[in-house]
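J.: Structure provided below as structure tokens; questions to follow.
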Amino acid sequence: MSRDLPDEDVILDISNCQDFAGSWMCLQTLGEGAYGEVKLLMHRHSKETLAAKIIDLKKHKDAAQNVRREVRIHSILDHENIIKMYGSRCVGDARYEIIYLEFAAGGELFNRIEPDVGMPIDEAQKYFQQLLNGLSYLHQRGITHRDIKPENLLLDINGNLKISDFGMATVFRLRGKERLLDKKCGTLPYIAPEVLLNPYSAVEADIWSCGIVLVAMVAGELPWDQPTMDCIEYGHWINDQYLLITPWSKIENTLLSLVRKILSLNPKKRLSTELILRHPWLTKKFVAKDPQLQSANGDYPCMALSQPMPCNTSRVNPANIAELLKVNEHHYFSQPTQNDDLLISSQIQLTQTHKKNDFPHLIKRMTRFFVKTNCEETVQRIGVLLDALLYKWTMDEGGVTISTTDRRKAQLVFKANVIDMNGKILLDFRLSRGCGLEFKRRFLQIKRDLVEIILKPAADVKGK
């Protein structure tokens, strides 16, 4: 007879949460980057949520200049498929820049991509359309993103795609005059080949990156490590020797014809966003699959991330934003480690001035599972497994930080948070740095190797 799994909603006393500024409090860390980290904030009274991107300007010599450009560009953008920026401020004796952003409760797009499989075709079509709509808006404003990839594409509470992270964005057209770019930037598997060779056109380079994202969504893998002649897979593509190999053998003919026109070696022959949107594959109506069907990842539905839903709208009250921007003292410098790992509840135990049950429920995530073992034994089993896999790892109060390299020899860092939920142990995995698809592959491998201690949901057991 199996034990019933606990409700994943953790009762949390918000009086124990760390104050951030004014009535805003910090709930958890959403992610880390080269220059800093992203925190989830909630307003103590309205329950509105937003993301605070905290950048350490001393970590890199170009950080201050890059952040100033990012803020200038992002602040002028307003589109339904682009993450909203609410404002920014410099704190800590000008060491830290904080950028306040719309909170995307659906998480990163890569979480919806099953490694080596992809996602339902109707979902891929929807996300690709929304990506092109957001990108078209950027290009109309004379702005290029230069780092389009699933890790920089977020989903809101309704599953709508939002382009995020404008750290590499720049202006390529001003007052009607367009310039070629020469800075080599982006992520190698998604980067256009001309970016590595010559001054390049911003629009066509972004469109190429969108094409790689499309391939990842429908096939669950990237076509090559980098678009250079010393890469065998890329050589097969440009020499028309690819039809019988993956990912191309997984893609049906109508879609493949579109991909060919997007990933044209000649930038001038690539389709524009307008022509792509009129392609037969984008105008075809696909039948959506049952949203209740479970993901191939296992226990939880595909639409799954452990982040609290925001209130009815993703737009935060300007008065509450003003409070963040005018408060002189921020307290995030002393964030306790355990706050990074909080799972926010649908039934937050509030202080006496608030009512219960007024905070939206948890969105579930694919990259986590309950285990039968206690905390100490769980950590021991993870450590033995990571050693066997030759992964480097360290332990702290929150869990295990794992460091390795992916198949391209690029750095891959992710965390396994060990969370005691009323006596039941939850292992919650989160990407810190690297390729999302590679992270998902490693997670699935770890999950398979720990199958003996995984606690299956009662519904699964009853169905046997």
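J.: Which is more than 28 Å from the chain's Cα centre (by Cα) and either assigned to a loop (DSSP other than H, G, I, E, B) or of a type outside the set (D, E, K, R) (or both), of Ser257, Ser249?
T.: Ser257
J.: Given (1) open to solvent by 30 Å² or more (accessible area, probe 1.4 Å); (2) touching a helix residue (DSSP H, G or I) at 6+ places or on another chain (Cβ under 8 Å); (3) closer than 30 Å to Ile54 by Cβ, identify the lone condition not met by Leu135.
T.: With respect to (1) open to solvent by 30 Å² or more (accessible area, probe 1.4 Å); (2) touching a helix residue (DSSP H, G or I) at 6+ places or on another chain (Cβ under 8 Å); (3) closer than 30 Å to Ile54 by Cβ, Leu135 is out only on (1).
J.: Hey, can you tell me all the residues within segment 59-79 that are open to solvent by 50 Å² or more (accessible area, probe 1.4 Å) and in contact with a strand residue (DSSP E or B) (Cβ under 8 Å, 6 or more places away or on another chain)?
T.: Lys59, Ser75
J.: While we're looking at this one, here's another question. Out of curiosity, is Thr394 surrounded by fewer than 16 Cβ atoms within 10 Å (Cβ to Cβ) and either free of Cβ contacts under 8 Å to residues at least 12 places away in the same chain or outside any loop (DSSP other than H, G, I, E, B) (or both)?
T.: Values: surrounded by fewer than 16 Cβ atoms within 10 Å (Cβ to Cβ): yes; either free of Cβ contacts under 8 Å to residues at least 12 places away in the same chain or outside any loop (DSSP other than H, G, I, E, B) (or both): yes.
Yes: the conditions hold for Thr394.
J.: Still on this structure: Quickly run through segment 30-74 and pick out the residues that are within 16 Å of the chain's Cα centre (by Cα) and either farther than 25 Å from Ala322 by Cβ or of a type in the set (Asp, Glu) (or both).
T.: Correct list: Gly31, Glu32, Gly33, Ala34, Glu37.
J.: Looking only at residues in segment 1-27 that are at pLDDT 50 or above and under 22 Å from the mean Cα position of the chain (by Cα), which one is nearest to Val371 (Cα to Cα)?
T.: Step one: list which residues in segment 1-27 are at pLDDT 50 or above, which gives 17-27.
Next cut, under 22 Å from the mean Cα position of the chain (by Cα) only: 26-27.
Working: Cys26: 28, Leu27: 25 Å.
For segment 1-27, the residue satisfying everything is Leu27.
J.: I've got another one for you. Residues Gly186, Gly176: which one is at pLDDT below 95, of a type in the set (Gly, Ala, Ser) and farther than 30 Å from Lys53 by Cα?
T.: Checking each option against the conditions leaves just Gly176.
J.: Within the group Leu109, Leu155, which residue is crowded, with 23+ Cβ neighbours inside 10 Å and aliphatic (A, V, I, L, M)?
T.: Leu109
J.: Kindly evaluate Ile191 against the criterion of being more than 24 Å from Gln130 (Cβ to Cβ) and either among the basic types (Lys, Arg) or open to solvent by 10 Å² or more (accessible area, probe 1.4 Å) (or both).
T.: Here the answer is no, as Ile191 does not meet what is asked.
J.: Sticking with this one: Just name the residue that is nearest to Leu325 (Cα to Cα) out of those in segment 75-98 that are of a type outside the set (Val, Ile, Thr), in contact (Cβ under 8 Å) with a residue 60 or more places away in the chain and not in a strand (DSSP E or B).
T.: Only one residue tops the list, namely Gly92.
J.: Have a look at Leu263, Leu277 and point out the one that is farther than 15 Å from Ile121 by Cα and open to solvent by 10 Å² or more (accessible area, probe 1.4 Å).
T.: Leu277
J.: Quick test of your reading of the structure: Asp387 fulfils all but one of (1) at pLDDT 90 or above; (2) in a helix (DSSP H, G or I); (3) open to solvent by less than 20 Å² (accessible area, probe 1.4 Å). Name the failing condition by number.
T.: Unmet condition: (3).
J.: If you don't mind, there's one more thing I want to ask. Could you look through segment 414-445, keep only residues that are within 16 Å of Thr187 (Cα to Cα) and not small (Gly, Ala, Ser), and pick out the one that is modelled with the lowest pLDDT?
T.: Among those residues, the one meeting the criterion is Arg433.
J.: With the requirement that a residue be polar (S, T, N, Q) and either within 25 Å of Gly399 (Cβ to Cβ) or crowded, with 20+ Cβ neighbours inside 10 Å (or both), what does segment 33-58 give you?
T.: Thr49
J.: Inspect all residues belonging to segment 360-379 and state whether any of them is within 25 Å of the chain's Cα centre (by Cα), open to solvent by 60 Å² or more (accessible area, probe 1.4 Å), at pLDDT below 90 and under 30 Å from Asp156 (Cα atoms).
T.: Checked against the condition, which is being within 25 Å of the chain's Cα centre (by Cα), open to solvent by 60 Å² or more (accessible area, probe 1.4 Å), at pLDDT below 90 and under 30 Å from Asp156 (Cα atoms), segment 360-379 yields at least one hit.
J.: Which residue is nearest to Lys184 (Cα to Cα), if the candidates are limited to segment 217-246 and must be part of a helix (DSSP H, G or I) and in contact with a helix residue (DSSP H, G or I) (Cβ under 6 Å, 6 or more places away or on another chain)?
T.: Per the stated criteria, the residue is Met217.
J.: Looking for whichever is hydrophobic (A, V, I, L, M, F, W, C), in a strand (DSSP E or B), at pLDDT 90 or above and open to solvent by 10 Å² or more (accessible area, probe 1.4 Å) here; the options are Leu30, Leu101. Which one fits?
T.: Leu101
J.: Can you tell me which residues in segment 220-253 are buried (at least 23 other Cβ atoms within 10 Å of the Cβ) and over 24 Å from Ala169 (Cα atoms)?
T.: Pro223
J.: Here is a list of conditions, (1) within 20 Å of Gln129 (Cβ to Cβ); (2) part of a loop (DSSP other than H, G, I, E, B); (3) open to solvent by 10 Å² or more (accessible area, probe 1.4 Å); (4) modelled with pLDDT of 95 or more, and Ile148 meets all of them except one; can you say which number that is?
T.: The one condition Ile148 does not meet is (3).
The values are calculated or read from the model by the stated rules, or taken from the named source; none is laboratory data. Here the structure is a predicted model, which means the values were calculated and not measured. Positions of Cβ are generated from backbone atoms using ideal geometry, with glycine treated the same way; all protein chains shown enter the neighbour counts. Surface accessibility is based on the protein's heavy atoms, side chains included, excluding ligands, DNA and RNA. Shrake-Rupley method; radii C 1.70, N 1.55, O 1.52, S 1.80 Å.
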